1. Within the range 206-213, can one find any residue that is open to solvent by 10 Å² or more (accessible area, probe 1.4 Å) and in contact with a Lys or Arg (Cβ under 9 Å, 6 or more places away or on another chain)?
2. Do we have A126 as over 15 Å from the mean Cα position of the chain (by Cα), modelled with pLDDT of 95 or more and surrounded by fewer than 22 Cβ atoms within 10 Å (Cβ to Cβ) here?
3. Could you go through the range 27-45 and let me know if any residue there is modelled with pLDDT of 85 or more, under 21 Å from the mean Cα position of the chain (by Cα), closer than 16 Å to V253 by Cβ and not in a loop (DSSP other than H, G, I, E, B).
4. Consider A118 carefully, then state whether it is open to solvent by less than 20 Å² (accessible area, probe 1.4 Å), of a type in the set (A, V, I, L, M) and touching a His at 6+ places or on another chain (Cβ under 8 Å).
5. Between a residue in the range 101-121 that is hydrophobic (A, V, I, L, M, F, W, C) and any residue that is surrounded by fewer than 18 Cβ atoms within 10 Å (Cβ to Cβ), which pairs come within a Cβ distance under 6 Å, given they are 6 or more apart or on different chains?
6. In the range 143-154, what count of residues is obtained for those that are in a loop (DSSP other than H, G, I, E, B) and either touching a residue at least 60 places away in the same chain (Cβ under 8 Å) or open to solvent by 20 Å² or more (accessible area, probe 1.4 Å) (or both)?
Amino acid sequence: MDAQVVTRGLRWMGGAVLDTLLPPRCLCCSGLVPTNGTLCATCFGQVTLIGAPLCHRCGVPFIHSGQGQPPPGGGPLHCAGCLRRAPEYRQARAAYLYDAGSRRLLLPLKYGDRTELAGPIARQMAHAGRALLAEADLLLPVPLHRWRLLKRRYNQAALLAGRLSRLSGVPWVPDLLRRRHATPALVGFGAAERAAILEDAFTLSRRAAARVRGRRLVLVDDVLTSGATVTACARLLLAAGAARVDVLAAARVPDPALADGAEASSLRNPLDRSAPDNDV
């Protein structure tokens, strides 16, 4: 008998035994599911995957009919914000709409040490950003400040970038981008104030110039709200000679204006309300 057939058979038997002893559980509610790393039907029905129609540039979904306009001269639909001022990055895409359903996946990853969630979330990100990944040379996670990294013990964006690298074959570098100093939570600030807060917040490592010059880069983050953080990172990378910068996030707020209201409060650490989160 072929050795590969025997090996596959043994792996299947081992998996069957393991599933009997430790049945697969839903990632959100821990209910029984057929396969590890999946959601049950109820929880899956509560998450919203982002698809067309959406803004060609920033990826914000057009939830209501009539949203989105083509740029002057025609072409794909753009949101009003991108028509007023195109973002520094080329395109942004996200897997999930940031709502109550996706928060049940993202907040445990970000704050609850549920690092095993990075793999399933990255699979949806790889699907949503398949066009970006197909042309990418390098994946870069949005960095945390070192004190926040020490407190949290891991950077959720780096976990996602690592999983995306395995899925896509695109290499990733965890430390080319660095956060120079801690920044306050951006909730409640306008666009100009956010830009001012993030000015000089990021820097590049000494070896970054050679790695980014002429490269097509994809910034990886967990939640995309106003885009101020990725804009600051993209500006720095483009100034260092990157050919272009795209953004791939796990989720995005459906309307950046909501980032100043009740929706933004859900971006904070639910386990520590006294500590504002710096990543939004």
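1. No, the range 206-213 has no match at all.
2. Working: over 15 Å from the mean Cα position of the chain (by Cα): no; modelled with pLDDT of 95 or more: yes; surrounded by fewer than 22 Cβ atoms within 10 Å (Cβ to Cβ): yes.
So A126 fails the test.
3. Within the range 27-45, none of the residues are modelled with pLDDT of 85 or more, under 21 Å from the mean Cα position of the chain (by Cα), closer than 16 Å to V253 by Cβ and not in a loop (DSSP other than H, G, I, E, B).
4. Judged against the criteria, A118 is not a match.
5. The qualifying pairs are L107/P270.
6. Total satisfying the criteria: 4.
The values are calculated or read from the model by the stated rules, or taken from the named source; none is laboratory data. As the structure is a computational prediction, the values presented were derived from the model and not from experiment. As a convention, Cβ positions derive from the backbone with ideal geometry for all residues, glycine included, and neighbour counts pool all protein chains shown. Areas reflect the complete protein model, heavy atoms only, side chains present, ligands, DNA and RNA absent. Shrake-Rupley method; radii C 1.70, N 1.55, O 1.52, S 1.80 Å.
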